[in-house]
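Please read the structure below before turning to the comments.
Read-outs throughout are calculated quantities, based only on the coordinates presented, and are distinct from any laboratory measurement. All of these numbers come straight from a predicted model, not from anything done at the bench. Backbone-built Cβ (ideal geometry, glycine too); neighbour counts: all protein chains shown.
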Amino acid sequence: MNEYWRDILYGTKSLLIGLKVTGPEFFKPVITEQYPHFVPVMKERFRGHIELTRNEETGGSNCVVCGMCQRACPSSCITVEGEKPEGSKKKVLTRYILDFTKCSLCGSCVESCNFNAIQFSREYNLASTNKSDYIFDLVKRLEEQR
Amino acid sequence: MDTSIWRPILYLIGVMAFAGVNAAWLGWCERKGAGHIQRRIGPKEVGPYGLLQPLADGIKLMTKQLLVPQGVDGILFRVAPVLAMIPAITSMVAIPFSATFHARPIELSVLLIFALASIGMMAILLGGWASNNKYSLISAARSVSQNVAYEIPMLITVITIVMLSGSMNLEEIALQQKGGFWNWYIFPIAGQSIAQAIIMPVSFLIFFTCSVAETNRAPFDMAEAESELIAGHMTEYGSMGFGLFMMGEYLNIVVGACLTAILFFGGWDSPLPFIPSGVLWFVLKIYLLIFTFIWIRWTYPRTQIYKLLNLSWKILIPFSLAILLLTAVFIKIEGILI
């Protein structure tokens, strides 16, 4: 008989506690993000596809076309091309193609770069039905960002 | 005036409109309530605040084919969804919205409403049986056992109210609780003895639990039980057949809230005597009660069928019987003292 009463008392109490938990939640602000209407900005440490870092002084890229990233990439999705202008000692980047269809975002390219020339972007709206949308021309991207 | 043909016609339109609007927009309320309790927004795309969502849902349901599967009992299968709606709409006739706003004053309105509520359960039974589907049949059996179990304590608590008020007319019962919230049957401190004031809240809890169970709402939605029985009695229904079942469920909630408001919260009576009473108070009370229904649904998980029946037979029925007995004793003592 004792257990019967205890069941009723504790049962009622726990039910009331349940209501007390959910009740205030009703009046709290909504925490979901209304995605297509409000596009959130990704956090600093988000690892999207790679992009070229902009050199603040020259406005161009830091890349010296050493080809380390191309070699470090396990899926060979990076193609770097450069040329040496007349009278210059350094190579200048002309083409940086990332084939994102093969990229697994491992980050080996960023790790291997000694010139701080590539970084992770914070891009995530990448859905497409067209394969060619995922061949990124990063030099063009750098120019567009300017 | 009473014999005029316009009165029934106007009230028919009024009751139908009230029922239809409630059945449609309570779905919206429920989804909004569920959303905000889970810190989501709920429907928001169709119209401002998603207010046109019920229309969109209705159009979608109506454009679908009204499919009657092979092997079902044709007549009963078609009758069941209609039967889910009719008793709920009919019982609206007996509900007094205020002292003057009343479809038809009926002397035994309490009896009528509970009789109709029992018929509402037939919809689930017939729908489940006619579907010729194991899940539906289990759902029908469950809902019958559940309704039988919960009607008993519900009716016993109603009998205590009837004993206190000495009337089976809802209007009369509401009028007796007039003049401030301390006269309402949930806490009758001024009108009755102190002991009565202690047992009446318990009586209210029993009645409210039973009305949640009678309307097949979570946590007592054993008939629907998506995770075990797909959708129970609604499994084979599509299109507006399903829509009618859903609307019937919401209407039952409205009727349950109206009854609770009249029996325990004084109907259209304002909580303080100097504020005028009226229909608005009644509407406010029923929507607060409906909010509680929604709040309860999105707080508790579904119980198991045997726990559900245990709650009724082992706890609610003995308690309601004890309350009935105590009330009778108190009324007798007061009669002797006065």
Taking the stretch B:312-338 and the residues there that are touching a residue at least 60 places away in the same chain (Cβ under 8 Å) and either facing chain A (nearest Cβ under 10 Å) or touching a Phe, Trp or Tyr at 6+ places or on another chain (Cβ under 6 Å) (or both), the one that is nearest to B:VAL158 (Cα to Cα) would be B:PHE319
For B:VAL158, state whether it is in contact (Cβ under 8 Å) with a residue 24 or more places away in the chain and at negative phi.
yes
Would you pick out the residues in the stretch A:1-13 that are surrounded by 10 or more Cβ atoms within 10 Å (Cβ to Cβ) and within 11 Å of chain B (Cβ to nearest Cβ)?
A:TYR4, A:ASP7, A:ILE8, A:GLY11, A:THR12
What's the number of the only condition in (1) under 20 Å from B:ARG217 (Cβ atoms); (2) surrounded by fewer than 23 Cβ atoms within 10 Å (Cβ to Cβ); (3) among the β-branched types (Val, Ile, Thr) that B:ILE113 fails to meet?
(2)
Name every residue in the stretch A:68-78 that is surrounded by 14 or more Cβ atoms within 10 Å (Cβ to Cβ) and either over 13 Å from A:ILE50 (Cα atoms) or of a type in the set (D, E, K, R) (or both), in order of residue number.
A:MET68, A:ALA72
Just the residues that are surrounded by 10 or more Cβ atoms within 10 Å (Cβ to Cβ), in a loop (DSSP other than H, G, I, E, B) and more than 14 Å from chain B (Cβ to nearest Cβ), please, taken from the stretch A:22-50.
A:VAL39, A:MET42, A:PHE46, A:ARG47, A:GLY48, A:HIS49
Filtering the stretch B:291-310 down to residues that are closer than 18 Å to B:MET154 by Cβ and away from chain A (no Cβ under 14 Å) yields B:LEU309
Tell me whether the stretch A:90-113 contains one or more residues that are surrounded by fewer than 13 Cβ atoms within 10 Å (Cβ to Cβ) and more than 26 Å from the chain's Cα centre (by Cα).
yes
Restricting attention to helices (runs of 4 or more DSSP H) lying wholly within the stretch B:227-321, give those where 3 or more residues are more than 29 Å from B:GLY179 (Cα to Cα) and of a type in the set (Val, Ile, Thr).
none
In the list B:GLY50, B:GLY33, B:GLY42, which residue meets the criterion of being within 14 Å of another protein chain (Cβ to nearest Cβ), on the phi > 0 side of the Ramachandran plot, surrounded by 19 or more Cβ atoms within 10 Å (Cβ to Cβ) and not β-branched (Val, Ile, Thr)?
B:GLY42
For the stretch B:21-56, how many residues are more than 17 Å from B:PHE291 (Cα to Cα) and part of a helix (DSSP H, G or I)?
7
Among the residues of the stretch B:162-182, which ones are among the charged types (D, E, K, R) and under 21 Å from the mean Cα position of the chain (by Cα)?
B:GLU171, B:GLU172
